[in-house]
Protein chains: 2
Amino acid sequence: MAQVDHSRMANAIRALAMDAVEKAKSGHPGLPMGAADVATVLWTQFLKFDAADPHWPDRDRFILSAGHGSMLLYALLYLTGNEEVTLDQIKNFRQLDSKTPGHPENCITSSVETTTGPLGQGVASSVGTALAERLLQAEFGDIVDHFTYVLCSDGDLMEGVSHEAIALAGHLKLSKLIFLYDDNGISIDGPLSLTDNVDQVARFQAHGWNSFRIDGHDHKAIADAIRKAQASDRPTMIACKTTIGFGAPHKAGTSKAHGEPLGAEELAGAKKALGWDYGPFEIPDDVLGAWRNVGKQGASARTDWLTRFDALPADKRDDFKRRVIDRKRPTAIADAIRTLKDKLVSEPQTIATRKASELALEALTPVVPELLLGSADLTPSNNTRVKQAKDVTPDDFSGRYIHYGIREMGMAAAMNGLAMHGGFAPAGGTFLCFTDYARPSMRVAALSHVPVVYIMTHDSIGLGEDGPTHQPVEHLAALRAIPNMRVFRPADAVETAECWQLALENTNGPTVLALSRQNLAQVRTATSEANLSATGGYELIPAPGKAQVSIFATGSEVEIAVAAQKLLEVQGVAARVVSVPSLDLLLAQDDATRAAIIGDAPVKVAVEAAVRFGWDAVIGPDGGFVGMTGFGASAPAKDLYKHFGITAEAVADAAKRRLAA
Amino acid sequence: MAQVDHSRMANAIRALAMDAVEKAKSGHPGLPMGAADVATVLWTQFLKFDAADPHWPDRDRFILSAGHGSMLLYALLYLTGNEEVTLDQIKNFRQLDSKTPGHPENCITSSVETTTGPLGQGVASSVGTALAERLLQAEFGDIVDHFTYVLCSDGDLMEGVSHEAIALAGHLKLSKLIFLYDDNGISIDGPLSLTDNVDQVARFQAHGWNSFRIDGHDHKAIADAIRKAQASDRPTMIACKTTIGFGAPHKAGTSKAHGEPLGAEELAGAKKALGWDYGPFEIPDDVLGAWRNVGKQGASARTDWLTRFDALPADKRDDFKRRVIDRKRPTAIADAIRTLKDKLVSEPQTIATRKASELALEALTPVVPELLLGSADLTPSNNTRVKQAKDVTPDDFSGRYIHYGIREMGMAAAMNGLAMHGGFAPAGGTFLCFTDYARPSMRVAALSHVPVVYIMTHDSIGLGEDGPTHQPVEHLAALRAIPNMRVFRPADAVETAECWQLALENTNGPTVLALSRQNLAQVRTATSEANLSATGGYELIPAPGKAQVSIFATGSEVEIAVAAQKLLEVQGVAARVVSVPSLDLLLAQDDATRAAIIGDAPVKVAVEAAVRFGWDAVIGPDGGFVGMTGFGASAPAKDLYKHFGITAEAVADAAKRRLAA
């Protein structure tokens, strides 16, 4: 087959993007049209992939951080022969149940590397992707050897998280991470000059990157630039000057091309200007053939890789297969946790649950080689660093501990990239209050079913003197409200061990562990084979006789509930205590299970050092709640509990008032 | 009185910080000790302030972004004679009800400019502070003419929001904004080199700033640098190389000095090394006297200012007094809204509530001169720009519209600074989903009682094709959970007008307006003098006879509730509809008011295109809920409502099932 001109191949992307957006009456034609040349050079000349197996572990990753330009990605997938994104799917762009949603979602379209759309997320998660490559290569050798390419936009680079991401990548010298910045100078409000005058090339250089400018429509310049980037010992950002909506006669170079259909007339004008004389969704045979060949270019590399993979020592191969390909967790987790629980029952510990988490991690590290710990510069406070975990440094990727820096969202996004790449179970720490900083990336994890663990310590006013800026009161509620986000707040060392098991065994989404700064008595003193936390709640202490009162509590307030139960017993009131390590998991149980745990005592009282919001689902609008009604304060923890009335007496009083009513 | 040596004055800060942290057994001595020289030069030689009136409107602002170093600020306030922060308060550092909480809070300590502690917040809000100065000067002339100084740390500059902040400040050429970066090279995990190698000076230069390095312990260099910064036509960042915990014999220059008491021995060693031979909290007379004189240095400037202020034309003076000093909103708001409501009742509008918000803004702009609109690059989508509002540009600060760029947290933080400075009612827009990005600054607003308005459009799956990355489902719950955050989701143009009134009249905290992308029928068709939204909920449609069912709905689902009510009536079921523009405000009513609105119909059903979380407080665990149980999807809005079963039929069915049970 004759060579097909670069421009015609790029125009195929432009035409599909225009046609799909036009048919959907919705979408973003501007980016695919502007970035088509950059993408065409990358995919035809550099990207290592095999359309026949989009999940080949050693493929180069292509991350479209500017997710609104999703038609660029869908066009590339269709043109190169991906079996999931067919022409019918392109025609069904942005419709219900299509494989071509408005923004790319890796759970909808398995050939998509990562969910993007919220700006900055692709840029930031790509740091994790590139880091995963380095870590796996250090562990498994050159069976892992690929680039991570990111196509990003002005918006990605204006978002704050881009700073955290590129600072971390620059620090770690992730030389195989390459950003192609679609420098089109246009945002929704108009020309970028309305809002921004950052010199992005100088900015990236200040962050330790290799960076330079090119004409993003000059295919030779693009190819030269990518070659230069591949050879660099630092990550590279190539600022590709492009025209948004390239080819559109009146809208090119303006914000009009960004986020709406071009309209029939402008679309026709664009096709004419591009010399593309074909109907909607029509790709001429020579162009389609050339693209399909591109989709096969990596086939031999993949075959070769499979041979090399088979030649690995059996233990290495099995480990790689389990972690990277099958993405299963070791079966030894349950045993390790049961052993720890038995030890705790025989030698009870009055320790903070952050410390209990460290104990669990010490037990888990030897049996979970993919466990990758880290903290956003709160290592000594989060108790995330176990003795066995060596630091990852720019010169040594054989470690298992990441100093993420003071970059909560950057950490959470990198964790997404690490997990989505495959091979790692990232678990990163900060204070629970600062989940606010990480929230956009945590949401992507929940939406994309990314299994990561957030080790969130200092989980209430119990942190004391640092005061209300650091004391979460609404964060448990805000996290519980996120679909597919599991939130645990264990009461003691035994529950903490159980919650760690559930967190690591949950491969369907992210898990928050909310942990105390302050020491807590061990309330679980009896041996238990079963993981009692698995239903979200369970009866910790039965009532002496028929229960008149059920007391629900989480985390550090369980010991208060236990004390209240005793107070009530002395006063002749039969109360039971239900420990609720996970309110969301409890509410997710089937009706019968949930009802059995909640019980039918006429009075229900909950105690949690946080706002009531969400608890009515258990206790009802008439239930008693002892907790916070506003922000905390700066004082020693004991003073605060007293000041805010979160005490056993208050719980007992709330119960008695309702019994008397 | 003899001149007191700079070092002795700086050592007074160091000693107070060490002593207070030691007594509290908690806190951060390292920053105050390291930055004492920088702060001493700034306060003694440059800062325009008068301790006798810490609220003088034209004072220079000093923002301690590194809020953990709060003892630096408290020491300066005490030493200069501030009446609020006395020596007793210093001795009571971090204790309940003190004026010296762990991190500075402007609501606890009125002489504190802004609440800091969550890293990056001071840096980012300072952009609003400096912008307020420019805007007010353009409006009122040189009655407003001050600098904004920010003392910031590595952590502030690692946080992503710092990027958004400095890019915006650089773009706007806020030349009177001066950052003093405490470049001590230490973070909690250890030396900064563990996590970071950003060249901060080059970085700021790439963002359009003037920036250079100095020795942060050389008082002459510090003074020269500040003079240079004052003369610059761009914002300036001075990287001051310092030693954390300066003076501490063993802990200086290490992370050990950062966040814990030095301990008796190290403290004694430090005092010895500093030549500070005084007991705990003891400041020798000469030093205290010198500092007290510093506190009076600005007195004549303030007197002069008062004279100039009195000479302003009466209308200007009154306007300035109302907006900047008394911080009251115009009384004309209520009239403007009532007029708009009457017009809407006479000519009903089927429009999106984002469009209704634009109508309200058109009505409000002429009577609320402090209204400062803007958007994080979604101006045409958020409908935030009214015709009357001219753009603010780097060359013209007489406008009332800010293009914040794709910087949601940067916008929210700048709004905090604008509001806290005084003179403005900032209202900024983005998509509701991206409140996640802005959340840390929104929390500061709630905690600090900052009156700002968030115009959050595209508030549900009703946004359609952009899909789940852009569709909020948990955000209403997550925002309602924040104490002192008012969340409105109006049902139509009339409610939108009412909610705008309530938002602007709420000077005690921030307000979220959640607005639809899609058109909504006008459900409020009768004239109403009263603002019905003021109780959070109200009966929109009474039941035909004794109510068997109460249907609660918000925003775009109110019209679904209305249709369901009709369906039920046809089937002989008497239902009423309660519109709930603000669930949190409804729940905050006194028991009797709330009970009357909720009513005593045996069956309760709520409908909201979001998760149920929080609604049980109204409908109870047995109530019916029609809404979302997970994330949304990409498709036209109508298809999505059908797909997710958010329909009048589903609401009626939920009611009937419960009636039959």
Self-check item: Proximal charge balance of residue B:608 [Cβ under 15 Å; K/R count +1, D/E count -1]
Solution: -3
Quiz prompt | In degrees, nearest ten, helix A:408-421 long axis to first principal axis of chain A (Cα) | solution = 70
Quiz item: What is chain B's relative contact order, in percent, from Cα pairs under 8 angstrom and six or more apart in sequence?
Solution: 12
Quiz prompt | the protein assembly as shown - mean residue ellipticity at 222 nm from DSSP helices (-39,500 (n - 2.57) per run, n ≥ 4, rounded to 500) | solution = -12500 deg cm²/dmol
Exercise. List, in order, the whole-Hz ³J(HN,Hα) value for each residue of region B:85-97 obtained from phi through the Karplus relation with A = 6.51, B = -1.76, C = 1.60 and θ = phi - 60°; use x for Gly and Pro.
Key: 9, 8, 5, 4, 5, 4, 5, 9, 3, 6, 9, 4, 6
Practice problem: Would you kindly compute the Cα radius of gyration of region B:538-660 and its largest Cα-Cα separation (Dmax), both in Å? | Solution: 13.7, 43
Quiz item: Hey, what's the per residue convex hull volume over the C-alpha atoms of region B:107-206, in cubic angstrom?
Solution: 111
Quiz item: Helix A:30-41 sits at what angle to the longest principal axis of chain A, using alpha carbons and giving 0 to 90 degrees rounded to 10?
Solution: 70
Quiz item: Using the scaling law 2.2 N^0.38 Å as the reference, what is the normalised Cα Rg of region B:380-443?
Solution: 1.12
Exercise. Towards the positive end of the charge dipole of the protein assembly as shown, with charges on Cβ (+1 Lys, Arg; -1 Asp, Glu), say which of A:586, A:129, B:137 has the farthest Cα.
Key: A:586
Quiz item: Which of the GluC sites (Glu not before Pro) found in region A:517-575 are in a DSSP loop and have at most 10 neighbouring Cβ atoms, other than their own, within 10 Å?
Solution: A:529
Practice problem: Give me the Kirkwood hydrodynamic radius of region B:33-144, using the inverse of the mean 1/r over all pairs of distinct Cα atoms, in Å to one decimal. | Solution: 14.7
Quiz item: lysines near residue B:642 by alpha-carbon distance under 23 Å, same-chain residues fewer than 8 away left out - which ones?
Solution: A:23, A:25, A:91, A:99, B:566, B:604, B:656
Self-check item: Straight-distance crosslink candidates among lysines, where the alpha carbon sits under 30 Å from residue A:390 and sequence neighbours closer than 8 are dropped
Solution: A:173, A:176, A:316, A:321, A:328, A:341, A:343, A:355, B:251, B:256
Quiz item: Per q in 0.20, 0.28 1/Å, what log10 I(q)/I(0) does a Debye calculation on the alpha-carbon atoms of region A:179-230 return?
Solution: -0.82, -1.13
Quiz prompt | region B:6-302 - Rg (one decimal) and Dmax (whole number), Cα, Å | solution = 17.8, 56
Self-check item: 7 Å along Cα→Cβ, label-point gaps from residue B:282 to other copies, nm, shortest first
Solution: 9.6
Practice problem: Please state the charge dipole magnitude for the protein assembly as shown, taken about the Cα centre, from unit charges on C-beta atoms (+1 on K and R, -1 on D and E), reported in debye and rounded to the nearest 20. | Solution: 600
Quiz item: What is the Å³ per residue value for the convex hull set by the Cα atoms of region A:148-255?
Solution: 89
Quiz prompt | Rounded to 10°, Cα long-axis angle of helix B:121-140 versus longest principal axis of chain B | solution = 90
Quiz prompt | Cα coordinate range in region B:331-521, projected on the principal axes (Å, largest first) | solution = 40, 38, 32
Practice problem: Could you list the GluC sites (Glu not before Pro) in region B:448-517 that lie in coil according to DSSP, counting only those with at most 12 other Cβ atoms within 10 Å of their Cβ? | Solution: none
Exercise. Select from B:411, A:641, A:86 the residue farthest towards the positive end of the dipole of the protein assembly as shown; place +1 on Cβ of Lys and Arg, -1 on Cβ of Asp and Glu, and compute about the Cα centre.
Key: A:641
Practice problem: Quick one: net charge around residue A:633, please, counting Lys, Arg +1 and Asp, Glu -1 for every other residue with C-beta under 11 Å from its C-beta. | Solution: -4
Quiz item: Shape of the protein assembly as shown from its Cα gyration tensor (a ≥ b ≥ c, root eigenvalues): rounded if a/c is under 1.5, otherwise prolate when a/b > b/c, or oblate?
Solution: rounded
Self-check item: Charge dipole (region B:6-302, unit charges on Cβ, about Cα centre) - positive-most of B:267, B:45, B:248
Solution: B:45
Practice problem: Determine the principal axes of the Cα atoms in chain B, then give the extent along each, sorted from largest to smallest and rounded to whole angstroms. | Solution: 91, 55, 45
Quiz prompt | Contact order normalised by residue count of region B:6-302, Cα under 8 Å, 6+ apart, percent | solution = 26
Practice problem: Please report, in debye to the nearest 20, how large the charge dipole of chain B is about its Cα centre when each Lys and Arg carries +1 at its beta carbon and each Asp and Glu carries -1 there. | Solution: 540
Quiz item: Using the Cβ atoms and a cut-off under 10 Å, what net charge is assigned to the surroundings of residue A:23, where Lys and Arg are +1 and Asp and Glu are -1?
Solution: +1
Quiz item: Using all Cα-Cα distances in region A:259-390, what percent lands in each 5 angstrom bin from 0 up to the longest?
Solution: 2, 7, 10, 10, 10, 8, 6, 7, 7, 7, 8, 7, 6, 3, 2, 1
Quiz item: Once amide H atoms are built 1.01 Å from N in the peptide plane, which residues 5 or more positions from residue B:403, or in another chain, come under 5 Å H to H?
Solution: B:392
Quiz item: Under 19 Å Cα-Cα from residue A:228, which aspartates and glutamates qualify once same-chain neighbours fewer than 8 residues away are excluded?
Solution: A:37, A:60, A:145, A:182, A:183, A:215, A:218
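Each value in this text was obtained by applying a stated rule to the coordinates, not by laboratory testing. Every value quoted in this text rests on a predicted model; they were computed, and no experiment measured them. Every residue, glycine as well, gets a Cβ built from its backbone with ideal geometry; the counts of neighbours run over all protein chains shown.
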